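As C-alpha cells, the structure follows; a few thoughts come after it.
The values are calculated or read from the model by the stated rules, or taken from the named source; none is laboratory data. Predicted, not measured: the structure shown is a model, and the values here were computed from it. Please note: Cβ atoms are built from the backbone with ideal geometry, for glycine as well, and neighbour counts cover all protein chains shown. The protein model used for the area step is the full one, side chains on, heavy atoms only, and it has no ligands, DNA or RNA in it. Shrake-Rupley method; radii C 1.70, N 1.55, O 1.52, S 1.80 Å.
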Amino acid sequence: MVNFHSMDAGDTDTLDEYVNFTGKALIQIYEADYGDDDNDFLGAHTVRRGSGVLEFTGDDAHYKLSYAVE
C-alpha cells in the first residue's frame with residue numbers, strides 16, 4: 001500500500017515506490033474523502049513485466065500512472 005498524496009487538478013507527483021512481487025500485481029487507486037464520505041474507487045489495473053501508462057477515470061477523475069516492472 002502506498003501512502004496518500006494530496007493533489008489538485010494539474011498536479012504531478014513522483015511516488016518512487018518499489019514493491020516486490022512475482023507474476024502480476026493489482027494496482028487499485030482510491031480518492032480519499034474526509035468526513036462522513038466513503039473513499040472513491042477510481043479503478044484497477046493488473047500489471048506484469050514491462051512498462052506503460054495506466055489511466056484511472058472512475059468517479060469523474062482522470063489520473064495517469066506511469067509504471068515499470070523489471
Q | Net dipole in debye of the chain [+1 Lys, Arg Cβ; -1 Asp, Glu Cβ; about Cα centre; nearest 20] | A | 760 debye
Q: For the chain, report the accessible area per residue in Å² (1.4 Å probe, heavy atoms, rounded to an integer).
A: 87 Å²
Q: Taking the dipole about the Cα centre of the chain, with the C-beta of Lys and Arg at +1 and of Asp and Glu at -1, give me whichever of 6, 29, 66 is farthest to the positive side.
A: 66
Q) Separation between the residue 67 and residue 27 pseudo-spin-labels, each 7 Å from Cα along Cα→Cβ, expressed in nm? A) 0.5 nm
Q.
At 1.4 Å probe size, with the rest of the protein present, what percent of the exposed accessible area of the chain is carbon and sulfur atoms?
A. 44 percent
